[in-house]
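Engineer: Handing you this structure, nothing more for now.
What follows is calculated from the coordinates using simple rules that are stated; it is not laboratory data. Small disclaimer: the values here were computed from a predicted structure and weren't measured. So basically every Cβ, Gly included, is an ideal-geometry build from the backbone, and we count neighbours across all protein chains shown.
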Amino acid sequence: MSESDAPRRLGKYFRGSLTVSEENAAGEAAPPDPLDLVAMARAGLNYLRGNPEPARHHECRFALGPLGIPCHYPEWVRPNEYGYDPISLGDTDSRMEWQYRHMRLIAGETDACPVERAVRERVLGYLRDDGFAWINPSAYTGRPEKGYYVGTWTTAKALVTLTDIYRHDGDAAARRRARKVFEALRRLAQWDGDRTWYMGIAPWRDGQWLLANWCEQHGRNYPFIVEPLVHYGEGCDDPEALDLARAFTEGFLAGSQPDMGSQRIDPESGAYTGHVHLHTHGIWGVAHLGTLTSNKRYLDWARRAYEFTVACGTDHGWYPEFIPQQEYRTEVCVVGDMISLGVWLAQGVSPSYWDHVERTVRNTLARSQFFLTDAFVDLFRRIHSHRPGLEVEQALRELRRLEGGFVAQANFDDWVSYPGNPALGAPGTANNGIHMMGCCPPEGLRAVWEAWRWAVQDERDEVRVNLALSREHPAARVVAWKPEDGGYEVTPLRAGRFLLRPPAWATREGVVLSRNGAACPVSWSGPENAYVLCPQVERGEILRISWPVPCFTQTFTPSSIKDRDERVSFDWIGPQVVRIHPKGKHLPMFG
Ligand SMILES: [Zn+2]
């Protein structure tokens with residue numbers, strides 16, 4: 001391997017101009033990777049338990065701005081007869097409900113706490129006898145609304161909740177209730193021959209879709225329906241749900257839903273405009289269904305839209321909130337969706353998508369998890385220095401409840417992406433400086449769940465290690481090395497055939513394998529020959545795989561803002577960004 005080969009090899013996976021400074025040879029052992037999915041999940045539980053307000057029947061909090069005093073200040077839809085923070089209803093709570101169980105499974109906690117049970121009761125309480133979730137739809141339209149509407153979004157989220165109750169707790173009543181919810185969602189389907197559609201996520205009542213305010217756009221974007229149907233169809237073993245998921249997907253591909261304009265995904269290029277999360281949330285299920293049914297048309301459609309989204313972002317897991325947008329801001333909801341999409345594309349299309357998943361987790365996701373870091377606390381005290389000290393300390397104590405959540409809208413290298421709107425520390429989600437809307441933290445936690453769930457894959461006839469992330473799995477204990485050392489150690493917990501994946505960007509000639517300390521010849525196997533084969537592995541053996549790690553600088557012009565030609569540079573060591581230029585001004589995330 002010569003150094004001059006690295007830019008060409010890396011150029012297949014990283015955009016822009018690449019300058020490789022060095023590439024270290026593979027090592028034999030190294031210190032463990034500090035990235036800890038279990039710690040991220042434990043912190044996530046702190047957030048999930050700290051967000052809901054017990055005094056308000058565990059209403060969840062959407063309008064969070066951690067630099068503001070107070071940190072919770074619903075400014076877009078003021079408290080009204082439906083809720084204190086009406087935008088949280090049927091959305092923030094529904095998203096959070098999914099993640100309590102996931103984070104407990106990662107952290108090894110078996111029992112639901114009272115907060116989890118209360119939030120579950122809240123989201124299932126939206127369901128009426130007709131099977132629909134009836135909600136006050138401020139979360140959909142972003143303005144005060146009168147009365148209650150059917151929300152397909154909330155209904156579909158409850159379908160997943162019920163499926164998981166059946167699947168994990170064996171509760172047959174939850175399965176019967178899920179079937180009723182499924183039948184309700186099917187009744188509302190609008191048919192175009194064999195294909196079907198909804199008006200995006202618009203609320204519905206008396207035969208009308210409410211296409212107002214946010215829903216002028218969101219009603220003409222994709223509905224969130226395919227993934228919930230596939231999840232329910234698999235989890236409750238209902239093939240009719242997979243039929244309906246196919247019909248919605250055919251509707252997506254054919255453009256059955258009217259008036260989508262340029263929000264419709266161009267089936268040739270994958271391009272679209274508008275709010276990214278509603279696209280990626282819709283596409284996710286298509287990638288899942290495509291993988292499940294080996295449907296190349298579905299996978300191609302999902303892959304093109306995914307690739308378009310990556311092209312509008314960066315290679316370190318930062319994806320824009322809008323295409324086009326006014327400022328560089330991501331949305332952690334999109335980060336979560338892209339990881340969920342990535343795990344299916346990695347299985348249905350190419351294992352190289354596991355690298356996208358890992359880079360997104362290591363960089364934007366891990367660096368967006370909210371903690372009271374020294375830098376944050378310093379900034380907080382500074383901007384509130386005119387206030388009484390006791391008030392500031394009380395506000396900081398209150399913020400402990402939000403630790404483990406996610407900063408929703410970082411730019412490339414700064415938690416503060418609204419620096420003067422009007423001033424740092426002003427109360428309000430988009431006013432205080434750090435946007436932490438309540439939709440995003442649970443979606444960030446979903447990404448932690450996906451990475452943990454898929455890092456090791458037990459396929460009965462073989463065990464695959466997909467991600468260079470530490471993971472205690474029933475089939476294998478994986479200890480990842482620091483990313484600059486490029487490698488991981490696997491202790492098989494059952495005998496059999498093991499497949500270990502190095503990153504796709506690693507030079508193949510440089511990959512080193514050892515078993516119980518003895519170097520072994522490397523032979524390639526699995527999909528796209530992307531894995532190193534370890535046949536006839538015995539329980540308790542020590543397998544080590546390592547690869548050379550390039551250090552390089554990547555420079556390009558991000559494209560989500562029209563006519564902005566500012567170039568941004570990323571210093572990488574393997575899959576990890578260590579520095580970004582220009583550096584974040586207030587609370588830099590790297591370097
Ligand atoms: Zn969000």
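Engineer: Assigning unit charges at the beta carbon (Lys, Arg +1; Asp, Glu -1) and nothing else, what dipole magnitude in debye, to the nearest 20, does segment 7-53 show about its Cα centre?
Structural biologist: Dipole about the Cα centre, nearest 20: 320 debye.
Engineer: Another one. Starting from the Cα-Cα distance between residue 423 and residue 240, subtract it from 0.36 nm times their residue separation and give me the gain in nm to one decimal.
Structural biologist: 60.6 nm
Engineer: Hey, another quick one. Starting from the Cα of residue 130, move 7 Å in the Cα-to-Cβ direction to define the label point; list residues of segment 191-227 whose amide nitrogen is under 12 Å from there.
Structural biologist: Answer for this model: 204-208.
Engineer: State the Kirkwood hydrodynamic radius of the chain in Å, one decimal place, computed from all pairs of distinct Cα atoms.
Structural biologist: Result for the chain, one decimal place: 24.6 Å.
Engineer: Once the dipole of segment 467-512 is set up with Lys and Arg at +1 and Asp and Glu at -1 on Cβ about the Cα centre, which of 495, 505, 467 lies farthest towards its positive end?
Structural biologist: Highest projection toward the positive end goes to 495.
Engineer: Using the Cα centre as the reference, give the magnitude of the dipole from point charges on the C-beta atoms of the chain (Lys, Arg: +1; Asp, Glu: -1; all else neutral), rounded to the nearest 20 debye.
Structural biologist: Value, rounded to 20: 400 debye.
Engineer: On to the next question. Multiply the residue separation of residue 208 and residue 112 by 0.36 nm, subtract the distance between their alpha-carbon atoms, and state the gained length in nm to one decimal.
Structural biologist: Length gained, residue 208 through residue 112: 30.7 nm.
Engineer: Express in whole angstrom the spacing between the alpha-carbon centres of segment 533-591 and segment 6-57.
Structural biologist: 9
Engineer: Testing the spin-label approximation: label points 7 Å from Cα along Cα→Cβ at residue 555 and residue 387. State their distance in nm.
Structural biologist: For residue 555 paired with residue 387, the spin-label model returns 4.3 nm.
Engineer: Further question: Under a cut-off of 24 Å between alpha-carbon atoms, report the lysines in cross-link reach of residue 146, not counting same-chain residues fewer than 8 places apart.
Structural biologist: Output for residue 146: 157.
Engineer: To continue, here is another question. Which whole-number percent is the relative contact order of segment 430-554 (Cα, under 8 Å, 6+ apart)?
Structural biologist: Computed value for segment 430-554: 23 percent relative contact order.
Engineer: Right, here's the next one. I'd like the FRET efficiency for residue 194 and residue 300, computed as 1/(1 + (r/R0)^6) with the beta carbon distance as r and R0 of 25 Å, rounded to 0.05.
Structural biologist: 0.80
Engineer: When a/c reaches 1.5 or more, the comparison of a/b and b/c decides; with that in mind, is segment 53-187 rounded, prolate or oblate per its Cα gyration tensor?
Structural biologist: Because a/c hits 1.5 or more and a/b fails to exceed b/c, segment 53-187 counts as oblate.
Engineer: Just to be sure I understand the model, the point goes 7 Å from the Cα along the line to the Cβ. What's the resulting residue 508 to residue 17 distance in nm?
Structural biologist: Inter-label distance under the simple model: 3.1 nm.
Engineer: Using Cβ counts within 10 Å as a stand-in for footprinting exposure, how do 87, 383 rank, fewest first? The partial results should precede the final answer.
Structural biologist: Values: 87 26, 383 20.
Ordered by Cβ neighbours within 10 Å, fewest first: 383, 87.
Engineer: Excluding residue 77 itself, what net charge comes from residues whose Cβ is under 11 Å from its Cβ, given Lys and Arg +1 and Asp and Glu -1? Display every interim value, and only then the final one.
Structural biologist: Values: positive: 78, 143; negative: 75, 85, 145.
Its environment carries a net charge of -1.
Engineer: Would you mind pulling out the separation of the Cα centroids of segment 335-365 and segment 179-208, in Å?
Structural biologist: 30
Engineer: With a Förster radius of 45 Å, plug the Cβ-Cβ distance of residue 460 and residue 373 into 1/(1 + (r/R0)^6) and report the FRET value to the nearest 0.05.
Structural biologist: Step by step, r from the Cβ atoms, then E = 0.55.
Engineer: Considering only 361, 103, 291, whose Cα is most displaced toward the positive end of the charge dipole of the chain, charges sitting on Cβ of Lys, Arg (+1) and Asp, Glu (-1)?
Structural biologist: 103
Engineer: Next up: Let a ≥ b ≥ c be the square roots of the eigenvalues of the Cα gyration tensor of segment 177-324; is it rounded (a/c under 1.5), or, if not, prolate (a/b larger than b/c) or oblate? Please list the in-between numbers first.
Structural biologist: Values: a/c = 1.77, a/b = 1.21, b/c = 1.47.
It comes out oblate by the Cα gyration axes.
Engineer: Moving on. For residue 180, go through the aspartates and glutamates and keep the ones whose alpha-carbon is under 18 Å away, minus same-chain ones fewer than eight residues off.
Structural biologist: The reachable aspartates and glutamates, counting only those whose Cα sits under 18 Å from residue 180, are 121, 129, 130, 164, 171, 227, 234, 237, 238, 240, 243.
Engineer: What's the magnitude of the charge dipole for segment 1-127 around its Cα centre, counting Lys and Arg as +1 and Asp and Glu as -1 at the beta-carbon? Answer in Debye, nearest 20.
Structural biologist: 300
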